[in-house]
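Working notes for the structure below.
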Amino acid sequence: MKIVSILGVSALLVTAGFGLPAALADEAPVEFTEAYLNDPKIFEQGKELWFEQCTHCHGYKAYPGKAPKLKPRRYTPAFVYKRVSKGFKKMPAWEEVYEKDELMAVVAYVKSKKFSP
Ligand code: HEC
């Protein structure tokens, strides 16, 4: 009798397994999962950073300060991450100042409904 191999199936299950948590994925491009973006702890962390560094120019919420009004609904998390880490024109780059997880948290904050409903 012939033995039917299930190897193909099990290999598929392994590769379809869970990806790394975003915080552990060390190299760019960073990954923003829904779970990450909606994590209240991440929100609080990002909020702290926002009030520490971003309100100087961007104002309290998405309202105009010295910098243009932010329109978070139009941005992807990846776009916000890029602007925050690399800067753009008069927007400073923060990648030398903050750890990646801190930058990701401020992105989650900016993208949150509380920041810009
Ligand atoms: C020194 C003032 C300053 C600070 C501090 C600052 N920004 Fe900015 N930011 C700007 C300016 C000016 C622009 C517009 C750059 C351009 O497009 O010409 C900008 C653009 C952006 C954009 C892109 C907006 C768009 O529509 O293209 C994002 C997102 C952003 N800032 C987020 C942040 C976050 C988050 C922080 C805190 C970590 C921060 N900024 C701190 C001045 C600042």
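All of the numbers you see were taken from the coordinates with simple rules; none came from a lab. Since this is a predicted model, take the numbers as computed values, not measurements. Positions of Cβ are generated from backbone atoms using ideal geometry, with glycine treated the same way; all protein chains shown enter the neighbour counts.
For the listed residue pairs LYS71/LYS113; LYS47/LYS114; LYS69/LYS100, the alpha carbons are over 20 angstrom apart in LYS69/LYS100.
For VAL107, neighbours were defined as the other residues whose beta-carbon sits under 11 Å from its Cβ, and their charges (Lys and Arg +1, Asp and Glu -1) total +2. Placing pseudo-labels 7 Å out from each Cα toward the beta carbon at GLU95 and THR76 gives an inter-label distance of 1.7 nm.
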